[in-house]
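Contents: one structure, followed by commentary.
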Amino acid sequence: MDKERLCELLGASYDGKVNGYGGEIIFQVSFRDGKYNSFTCLSHSETDGFGGVEVLNNLNDYLKGKDAGSLTEATLNSGIVDTTSGTTSGTTRSNLIPAIVAAANDYMGK
């Protein structure tokens, strides 16, 4: 069975590691049927209450079910806002968002 058919049946999951404001962020993002299926933060050292943790906590809810081919770095950056402060952690966002978009692009065959 080829990779395209396997992705169609099972979906695809990507593991990532980027530098956040407080250190490494290790995460997994998955896709199925051309949509974001889940985002899971496996490990991080972001500071509570600074924005990075809020972004990580809300990212799965924001992404779930969205078309994997339609979101860009710009749309993700504008959509992911810390509900506590109204801002996002710049370092967390600037490194994490491109990694998520790169995984989506790979999944979509771009």
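The values are calculated or read from the model by the stated rules, or taken from the named source; none is laboratory data. Small disclaimer: the values here were computed from a predicted structure and weren't measured. Here the Cβ is made from the backbone with ideal geometry for all residues, glycine too, and neighbour counts use every protein chain on show. Ligands, DNA and RNA are stripped out before the accessible areas are found, and what is left, the full protein with its side chains, is counted by its heavy atoms. Shrake-Rupley method; radii C 1.70, N 1.55, O 1.52, S 1.80 Å.
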For the range 37-56, how many residues meet the condition of being within 20 Å of residue 94 (Cβ to Cβ) and under 11 Å from the mean Cα position of the chain (by Cα)?
4
Search result, residues across the range 62-110 that are at pLDDT 90 or above, assigned to a loop (DSSP other than H, G, I, E, B) and hydrophobic (A, V, I, L, M, F, W, C)
68, 108
Condition set open to solvent by 70 Å² or more (accessible area, probe 1.4 Å) and either under 19 Å from residue 16 (Cβ atoms) or in a helix (DSSP H, G or I) (or both), scope the range 46-61, selection modelled with the highest pLDDT: answer is 61
Quickly run through the range 29-44 and pick out the residues that are in a strand (DSSP E or B) and open to solvent by 20 Å² or more (accessible area, probe 1.4 Å).
32, 35, 37, 38, 40, 41, 42, 43
Total residues in the range 62-71, condition over 11 Å from the mean Cα position of the chain (by Cα), touching a residue at least 24 places away in the same chain (Cβ under 8 Å) and open to solvent by 60 Å² or more (accessible area, probe 1.4 Å)
2
Suppose we filter the range 1-25 for residues that are modelled with pLDDT of 85 or more, open to solvent by less than 60 Å² (accessible area, probe 1.4 Å) and more than 17 Å from residue 66 (Cα to Cα); how many remain?
3
